[in-house]
Amino acid sequence: MFDFKKQRNILFRIFARNKFSGSRARVILLIPVSLLIASMLLGACGSDVKPTEVSAGPHTWLINDIPGLLKQLPPAGTVFLPPPSPEPDQLKGWDHPADRWLDLELDLIKNQQSSPIRASRGLALLMAGFNDGLIVENLARQQGLAVSENAFLAGIAEPIIIYCHPVLSNFAENQTKLATWVDVWQGRSQPADVEAGFRLGKAVSDKIIAYAREDGADQGRTYLPLDLIGSPAEIMQGQAKLKPVAPGKWQPTAPDFDLGLQPDWGKVKLIGVKVDTNFNLAPPPAWDSPEFDHERELFRQSQLNLSPEDRQLAVYWAGGAGTVTPAGLWFQKAESLARRDNFNLVRTVEMYSLLAVTMHNALCVDWSFKYQYMEARPIQWMSTVDKNWQPVVKTPAFPSYPSGHATVSPAAAIVLSGFFPGDTQQLQQSAQEAAHSRLVGGIHWDIDNKRGFELGTVIGNEMLKQNSPLTNASAGVIRK
């Protein structure tokens, strides 16, 4: 049974989350149900990604006119005296400010139960802001502006994090209160430097957020199936049913029958990719072909022979809402490696920003193909073969092909291998495990993982080719 009441409430929460208010909200909520359903079906997702042109000069991601930004910098404001210094334990870790802000962002992703695609975008905006900001800061210092670096980074991070997590804004505000004055408390800056740093950082974050508001991600639309059986009254009363879709095509699945997540995400702008770049993916085998018969049998056999290690792998990489998501798992690896190798702030931010932007792009491309091919999930077939079977992890609410984990993981491994060539083998193994976890987890066909891995490899290598700050970009290339 299709629970329309539940899905209607989800739609209303989406409107609230996207800050529709006042007369605009009243207009939306007064739309008849039939028109609401129809409007949600328009603009089906395709594979037409919209990339952002790479800027010339210093390698910025989203800020193209640094001299112009500095010319438009607001005049100096009030200089405040610092509050009393907190206990030394509270100041630990601020010699790695990018990590402190990363850790907060990962906590908020988990606490807000962000989806994997929104988590990746948030990380990309934050780290692109840091990367571009350090280039802005360097030019500002050359022009004679004395800046507190921690206050500057706080001026970038706080607005971006609040934009991504408005209901958890107090966490960012509390960290800003600490970060703003660290350099003064530790004797590296004066109060006037704090004012200048935060003002400059805010100018950077304004640019990042202005970009984000136009990148196509703030639509919040969910996918509503065309074929509902029932009158409008039955739909409103939760008595409608889903018509059977064409064999092999996706539709909402048990246990919650959630509507498809963000079908337009494939149209979100890519970052740092030349406008003439195309990423292609062949369609999956036809559902009634011998090739897909093989896929179904391979899947069934994988579920008959699950080991405790398989189950553990599936749970570790699950990365759904309420976790740091797959992007966060890769960032945890990146943070550990950067600390091990004593990366300075500039090197850390170069690596973090390339990693975050690459994963964001990989998921945007992956999403475009998911809703183009609309491949069924394994549970849709297994429920007809074995009524007692259940996947190890919950089936996500979007089409199957290709696997997002299998797409984003090799792309992430390629980027990290470029910075940590001695760890290439282990990083490749982690990427392969992430992909395989979706098969043993019961939520992807093997073809989803194989084709996704190939796609992610192309994306990762292309990102290094076009954007790498590395002296030897080829170190990060994963070859079959």
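The trypsin sites (Lys or Arg not before Pro) found in segment 88-189 that occupy coil by DSSP, while having at most 11 further C-beta atoms within 10 Å, are 92.
The trypsin sites (Lys or Arg not before Pro) found in segment 336-421 that occupy coil by DSSP, while having at most 10 further C-beta atoms within 10 Å, are 387.
For segment 123-190, the solvent-accessible area of protein heavy atoms averages 34 Å² per residue (probe radius 1.4 Å; ligands and nucleic acids excluded). Scaled against 2.2 N^0.38 Å for its residue count N, the alpha carbon radius of gyration of segment 304-421 is 1.27.
Calculated FRET efficiency, residue 282 and residue 433, Cβ-Cβ r, R0 25 Å, to nearest 0.05? It comes out at approximately 0.50.
When both segment 80-149 and segment 359-422 are represented by their alpha-carbon centers, they are found 30 Å apart.
Spin-label pair residue 289-residue 388: with each label point 7 Å from Cα along the Cα-Cβ axis, the two points sit 3.5 nm from one another.
When each of the peptides 157-163, 434-440 is scored by how many other beta carbons lie within 10 Å of its residues on average, the order from highest to lowest is 434-440, 157-163. FRET efficiency for the pair residue 103 and residue 233, taken as 1/(1 + (r/R0)^6) with r the Cβ-Cβ distance and R0 = 35 Å, rounds to 0.10. Between residue 81 and residue 174, the contour length at 0.36 nm per residue exceeds the alpha carbon distance by 31.7 nm. Derived scalar couplings between HN and Hα for segment 291-300 equal 4, 7, 4, 5, 4, 5, 5, 4, 5, 4 Hz in order, rounded to whole Hz, by the Karplus curve 6.51 cos²θ - 1.76 cosθ + 1.60 (θ = phi - 60°), x for Gly and Pro. Of all aspartates and glutamates in the structure, those lying under 17 Å Cα to Cα from residue 243, and not within fewer than 8 positions of it along the same chain, are 3, 227, 234, 256, 258, 375. Neighbours of residue 441, meaning other residues whose beta-carbon lies under 11 angstrom from its beta-carbon, give a summed charge of +2 when Lys and Arg score +1 and Asp and Glu score -1.
Stretched out straight at 0.36 nm per residue, the stretch from residue 315 to residue 298 would grow longer than its current Cα-Cα span by 4.1 nm.
Less than 5 angstrom separates the built amide H of residue 270 from those of 50, 52, all sequence-distant by 5 or more or on a different chain.
Remark: segment 240-395 is approximated by an ellipsoid whose semi-axes, taken from the C-alpha gyration tensor as √(5λ), come to 34, 22, 15 Å, largest first.
Segment 160-180 and segment 436-455 have Cα centres lying 36 Å from one another.
Going down the table (269/370; 177/202; 110/394; 110/450; 71/207), which pairs top 20 Å between alpha carbons? Where the Cα-Cα span goes over 20 Å, the pairs concerned are 110/450. Computed from the Cβ-Cβ distance with R0 of 25 Å, the FRET efficiency linking residue 188 to residue 71 stands at 0.35. A cut-off of 5 Å between modelled amide H atoms, ignoring neighbours fewer than 5 places along the same chain, links residue 375 with 250, 400, 401.
Once the chain from residue 206 to residue 243 is taken as fully extended at 0.36 nm per residue, the excess over their C-alpha distance is 8.7 nm. Across segment 423-435, computed HN-Hα scalar couplings (Karplus, 6.51 cos²θ - 1.76 cosθ + 1.60, θ = phi - 60°) run 9, 4, 4, 5, 5, 4, 4, 4, 5, 5, 5, 4, 5 Hz from first to last residue, x flagging Gly and Pro. Projecting label points 7 angstrom from Cα along Cα→Cβ for residue 138 and residue 426 puts them 3.0 nm apart.
Note down the net charge around residue 148, summing +1 for each Lys or Arg and -1 for each Asp or Glu among other residues with Cβ under 12 Å from its Cβ. Within the 12 Å Cβ shell, the charges total -2.
The values are calculated or read from the model by the stated rules, or taken from the named source; none is laboratory data. Computed from a predicted structure; not experimentally measured. Backbone-built Cβ (ideal geometry, glycine too); neighbour counts: all protein chains shown. When the accessible area is computed, the model is the full protein with side chains, heavy atoms only, and any ligands, DNA or RNA have been set aside. Shrake-Rupley method; radii C 1.70, N 1.55, O 1.52, S 1.80 Å.
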